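The values are calculated or read from the model by the stated rules, or taken from the named source; none is laboratory data. Source: prediction; values computed, not measured. We place every Cβ from the backbone using ideal geometry, glycine too, and count neighbours over all the protein chains shown.
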Amino acid sequence: MMDIFELLKGKPEDSDYMKKGVIVQGITGTYGSIHARSMIADGTNVVAGVSPGKGGQKFEDKVPVYNTMQEAVDATGAKISVIFVPAKFFLAAAKDALEAGIKLLVAIPEHVPIRDTMITLELAKQKGAIVIGPNTPGIMIPEVIKIGIMPVTPFKAGKIAVLSKSGTLLYEISDALTTAGFGQSITIGIGGDPVNGTRFIDAFDMIKDISDLEGLVVVGEIGGDSEEILAQRIIDSGFNKPTVAYIAGRAAPKEKRMGHAGAIIMGTYGSAESKISMFNKANIPVAKRPVEVPVLLAGKMEKSD
Amino acid sequence: MRLLEFQAKELFREYGINLLDSKSSTNIEEGRKHAKELGYPFVIKIQVPVGGRGKAGGIQTCQNDDEFELKYPQVMDLIIKGEKARAILLEKMADIKKELYLSIFLNRSKRCYTIIASSDGGVEIESVKNQIIKEIGLGDVSDEIASEVAKEMGLEGKIADGFIDTLKKLSKLTIEKEAELVEINPLAIMQDDTIIALDGKLVTDDNSNFRHDELQKYQEISEIEQLAEKSGFTLVELDGNIAVVGNGAGLVMSTLDMLSDSGGKPACFLDVGGGATTESVYEALTLVTKISKVKGILVNLYGGIVKTTVVAEAFLKAYENNLMMDLPVFSRMKGTESEKAIEMLQKTKAKIYNSVEEAINAAVMGVKK
């Protein structure tokens, strides 16, 4: 598995250092075109698009469109792709990307069947590729690269890593962090599905050794036990950077899916109480409201000084 | 979707899993007919989409007509964890030697299917002892794995054969129907050593519904939820009187939490999706005005790529068309162009706040009036 920062930024000796190429799958679609345009406007180096049957066109008169990922990768050498196709076509698009040698696959679509995600992850494992999502807002190093659907206004370059299941809460909480003077070194949307290509623990492993990391914010929600497992990993690894969590869904009823496919409490599995108590065990304060996150983080930093 | 016991059993039957004779009904006339066909004794079982029905009195034995006439309406009228009876299942009484536990579920953290089996079944999974746990990737159970599980449970001979057969059929069902969970508890060993599924729980992956037309008949969805689905929204009806509308599941959940913390009672959870547009917000407002218990609307929007002025347009249009009538709207908008959006709405009856906390407090006070 490749280092996430090396994938996103490259090495200083690379000719495309800090300008790594990104291929947009589904670039001619309604959703794909809006976000391809927005990514380009925000400084991401979109080098190609893929839309079966639309090969040969130019997107916005600049970005070449190919029929397959293999052609796009052959022409550009890009290692990153972002998928914007409808859920039922996701598996085919993901296979196309992974077979073509993509090493970082950002899977935006919501409503991908779990089985299709699991098959994608099997293939990604064989190919040594990282999958972010599905049902993710994407991944970003603020002011360097944005791969996904996030607005850039809430974010600012800095030294806090933010990991989140939810998109809008990621924006909301990053906005509060930025306002309080906490910029972000990286933000990873792990996605709101039951099965995530990059789980909280995987995302944690990607960022825990950043040398100038000053803090970690985890934005979780009801469903599954990935927050609990992360809390245990933080305890076991002896990670000592100031960490704060937020958990959405305390007031959610049991056995109802709250918008995200993964946001469902089954019996006691997936309850907010369970997650909050595990974070408490790891000595990680859990904010009751999004705006409390920077306050708690500042408190943690004071203590660690 | 979560299937009821009798629906799960319809699928079990299709896959050749052994069952007792049973019949489901929705009224006592139908029930009487089934009682005659089955013959006493039998068990009356309430069909609700939640667990814990046994403890709540939702499973009763029945020996004769008098008992049937007494118990059928009793069970039918039960409300278990807020859920009314969807149907009543009458099932022949079983002569059981031993109760086992068997389930296949999607282990979200390990990202694989997992078998849980035990020779001490019949109690809730949390209390099931001697659990045998096996990870099975995408859900396929080979003869070797099935035999291993049976052996570890201490099953032998005809019983082991019956168990292995059931487990393999359950695995096939899990894969073909794209289940997140299939549970048989109890799985019974009968006096003649045959294996029978006495109960059945089945949860399938909603995101795979588009390739399972055959399961559509089991979909339980209210009229208002159906309307929401058509618009691409997620709507969950709740018990309170303040409709909560926002963009993004996490943001709406978070708003729900804060509203509850402040003593407010949410009437619904409505997520218009990560992006908000004039059309989607207008439709969302239309939708919540159709829920009769709603006394106020709390809107929490975080404008991302979409400008909040575009959202403000939806409010203007809604007021122009007198959509909300006298329903008060408490809104917080943040993101691009929010200052301009707030200005646009100053002339309307909508109350706009700078923070979600202020909007929530105003909503809680507002609906009390």
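Couple of notes before you dig in:
- Restricting region B:96-122 to residues that are within 14 Å of chain A (Cβ to nearest Cβ) and in contact (Cβ under 8 Å) with a residue 40 or more places away in the chain, the residue that is nearest to residue B:54 (Cα to Cα): B:103
- If only residues of region A:227-281 that are of a type in the set (Phe, Trp, Tyr) and touching a helix residue (DSSP H, G or I) at 6+ places or on another chain (Cβ under 7 Å) are counted, the one that is farthest from residue B:109 (Cα to Cα) is A:246.
- Residue match in region B:335-342 (condition: assigned by TED's automatic domain parsing to the domain that holds residue B:250 and under 31 Å from the mean Cα position of the chain (by Cα)): no
- Hits in region B:6-32 (condition: under 22 Å from residue B:63 (Cα atoms) and touching a strand residue (DSSP E or B) at 6+ places or on another chain (Cβ under 8 Å)): B:6, B:19, B:20, B:21, B:22, B:23, B:24, B:25, B:26, B:31
- The single condition among (1) within 11 Å of another protein chain (Cβ to nearest Cβ); (2) without any contact (Cβ under 8 Å) to a residue 24 or more places away in the chain; (3) more than 20 Å from residue A:38 (Cα to Cα) that residue A:126 does not satisfy is (1).
- For the condition within 14 Å of another protein chain (Cβ to nearest Cβ) and at pLDDT 95 or above, residue B:135 qualifies.
- Residue pairs meeting the criteria (Cβ under 9 Å; at least 6 apart or on separate chains; first in contact (Cβ under 8 Å) with a residue 40 or more places away in the chain, in region B:47-69; second of a type in the set (S, T, N, Q) and surrounded by 15 or more Cβ atoms within 10 Å (Cβ to Cβ)): B:47/B:7; B:47/B:24
- Taking (1) within 14 Å of chain B (Cβ to nearest Cβ); (2) crowded, with 20+ Cβ neighbours inside 10 Å in turn, residue A:297 satisfies each apart from (1).
- Complete set of residues in region A:57-107 that are of a type in the set (Gly, Ala, Ser) and over 16 Å from residue A:33 (Cα atoms): A:72, A:75, A:77, A:78, A:87, A:92, A:93, A:94, A:97, A:100, A:101
- Only listed residue being in the same structural domain as residue B:243 (by TED's automatic domain parsing), modelled with pLDDT under 85 and either touching a Leu at 6+ places or on another chain (Cβ under 8 Å) or not in a helix (DSSP H, G or I) (or both), chosen from B:311, B:364: B:311
- Members of region B:320-345 found to be modelled with pLDDT of 90 or more and of a type in the set (Ser, Thr, Tyr), listed by number: B:331
- Hits in region B:132-147 (condition: buried (at least 16 other Cβ atoms within 10 Å of the Cβ) and assigned to a helix (DSSP H, G or I)): B:145, B:146, B:147
- Subset of region A:5-44 [modelled with pLDDT under 95 and among the β-branched types (Val, Ile, Thr)]: A:30, A:34
- Qualifying position, being touching a helix residue (DSSP H, G or I) at 6+ places or on another chain (Cβ under 7 Å), in a strand (DSSP E or B) and surrounded by 18 or more Cβ atoms within 10 Å (Cβ to Cβ), among B:302, B:282: B:302
- Against the test of being of a type in the set (Gly, Ala, Ser), crowded, with 18+ Cβ neighbours inside 10 Å and farther than 13 Å from residue B:301 by Cβ, the options B:350, B:363, B:341 yield a single qualifying residue, B:363.
- Any hit, region A:83-97, residues being assigned to a strand (DSSP E or B) and either among the small types (Gly, Ala, Ser) or modelled with pLDDT of 95 or more (or both): yes
- For region B:322-351, a residue qualifies if it is without any contact (Cβ under 8 Å) to a residue 24 or more places away in the chain, over 27 Å from residue A:152 (Cα atoms) and either touching a helix residue (DSSP H, G or I) at 6+ places or on another chain (Cβ under 9 Å) or not acidic (Asp, Glu) (or both), and the qualifying residues are B:322, B:346, B:347, B:351.
- Restricting attention to region B:192-238, the residues that are among the hydroxyl-bearing types (Ser, Thr, Tyr) and within 11 Å of chain A (Cβ to nearest Cβ) total 3.
- Region A:148-159, residues that are in a strand (DSSP E or B) and among the aliphatic types (A, V, I, L, M): A:157
- Of the residues making up region B:239-279, those that are more than 7 Å from every other protein chain (Cβ to nearest Cβ), touching a helix residue (DSSP H, G or I) at 6+ places or on another chain (Cβ under 8 Å), within 25 Å of residue A:151 (Cα to Cα) and not acidic (Asp, Glu) number 10.
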